[in-house]
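Here is the structure we will look at.
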Amino acid sequence: MTASPFRSVLSARASLGECPVWAGDEGVLYWVDIEAPSLNRFDPASGDNTAYPLPEHIGCIGRRREGGFIAGLRSGLWLLDDEARPLECLARPVSDTTISRFNDGRVDPWGRFWAGTIHEPRDRPLAALFRVDADLSCRRLAGEVLVSNGVAFSPDRRWAYHSDTPNHVIYRYPLDPQSGEILGPREVFHRFPFGNGRPDGAAVDSEGYYWSALFEGGRVVRLSPEGELVAEYPIPARCPTMCAFGGEDLKTLYVTSARHGRPAEELAAYPQSGDVFAMRVDVAGRPEPTFAG
């Protein structure tokens with residue numbers, strides 16, 4: 001196994017770790033375990049992790065400006081309090097939650113929450129991407145994907161990124177930099193060859209480079225603003241799931257990972273699967289926006 005620049009900073013052994021979000025004002029990393037299900041608060045300074053259980057699968061979160069969280073749960077889009085207790089359901093746009101649920105999401109630079117779904121049978125492109133605005137209204141933005149992932153935004157506010165994991169493709173949508181509205185159809189940003197990892201969750205650094213965790217690829221990649229692969233970093237888990245920039249200088253790249261449903265031989269080779277990993281980087285990320293609603 002190639003030596004990795006990543007180290008495990010939290011021996012979480014999460015079933016399906018996802019959606020790391022750095023809270024700079026608190027100096028902590030929030031993240032979810034979809035299958036537990038739980039929302040977690042990890043303090044790198046002390047090494048302490050507090051898990052807040054939820055009554056159903058949780059796919060993604062965004063911090064609210066007034067406290068608490070907005071979250072994509074299996075049943076819909078919810079407001080949660082500081083300890084992840086559900087307060088209010090904002091929308092239930094998924095018609096059949098027995099086979100679909102919310103997955104990846106992120107707050108955009110305008111303070112709105114983008115969240116996509118996963119169609120669990122993966123037999124038809126029935127997953128979609130939604131947005132919750134500051135007035136708590138919800139609208140459907142896009143469809144035609146199997147598993148929604150990789151939501152991120154360019155620093156100049158001109159592009160929104162969105163991946164379809166099973167199809168090994170990352171798309172981007174042109175945005176109006178003032179309003180944040182989508183201006184035109186999606187285009188392919190980068191397509192990965194089949195068989196060597198699929199684009200899962202992502203983050204964009206301050207230079208506009210897109211960092212993607214490759215599920216079943218055992219690595220994190222950095223793509224230029226033009227979509228060119230410029231660097232690859234092996235990680236001690238075959239299934240990394242999502243990236244987030246954190247630390248006081250936003251030069252620590254945190255990555256969640258998964259061990260749910262993985263074969264025994266893989267877990268033997270990657271015993272830290274499910275941990276939270278970190279790597280120092282040369283280019284800082286950007287502060288994570290908070291939800292304005």
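Couple of notes before you dig in:
- Here the chain is described by how far its Cα atoms reach on the three principal axes: 47, 41, 39 Å, from widest to narrowest.
- Under the criterion of Cα pairs below 8 Å and six or more residues apart, the relative contact order for the chain equals 19 percent.
- If the segment from Ile182 to Glu207 were pulled out straight at 0.36 nm per residue, it would be longer than the present Cα-Cα gap by 6.8 nm.
- Surface accessible to a 1.4 Å probe, Arg7 within the full protein complex, Å²: 150 Å²
- Calculated FRET efficiency for the pair Asp82/Asp282, C-beta based, R₀ 51 Å, to 0.05: 0.90
- Here each label is just a point 7 Å from Cα along the line to Cβ, and for Glu265 and Asp123 those points are 2.9 nm apart.
- Thr2 paired with Asp43, simple spin-label distance in nm, labels 7 Å along Cα-to-beta-carbon: 3.7 nm
- Note on Glu228 and Glu56: the model spin-label points, each 7 Å out from Cα along the C-beta direction, lie 4.6 nm apart.
- Computed 3J(HN,Hα) for the range 77-90, one whole-Hz value per residue from the Karplus formula 6.51 cos²θ - 1.76 cosθ + 1.60 where θ = phi - 60°, is 9, 10, 9, 10, 7, 4, 10, 6, 7, x, 9, 7, 8, 8, glycine and proline marked x.
- Directionally averaged projected area (convex hull, Cα atoms, the range 217-293), nm²: 7.0 nm²
- Fraction of accessible area attributable to carbon and sulfur, the range 162-206 (%, probe 1.4 Å): 51 percent
- Ligands, DNA and RNA aside, Cys60 has an accessible area near 0 Å² when probed at 1.4 Å.
- For the range 131-198, the equivalent ellipsoid derived from the alpha-carbon gyration tensor has semi-axes of 24, 14, 10 Å in decreasing order.
- The range 1-41 residues near the modelled Glu248 label - backbone nitrogen below 17 Å, point 7 Å along Cα→Cβ: 23-29
- Against the rule of thumb 2.2 N^0.38 Å, how large the Cα Rg of the range 1-142 comes out: 1.07
- Pairs of alpha carbons in the range 79-172 whose separation is greater than 15 Å (percent): 61 percent
- With all protein chains in place and a 1.4 Å probe, the accessible surface of the range 11-148 carries 44 percent carbon and sulfur.
The values are calculated or read from the model by the stated rules, or taken from the named source; none is laboratory data. Bear in mind that the values here come from a model prediction, so they are computed numbers and not experimental data. Reconstructed Cβ throughout: ideal geometry from the backbone, glycine too, with neighbour counts over all protein chains shown. In case anyone asks, the SASA skips ligands and DNA or RNA and just uses the protein heavy atoms, side chains included. Shrake-Rupley method; radii C 1.70, N 1.55, O 1.52, S 1.80 Å.
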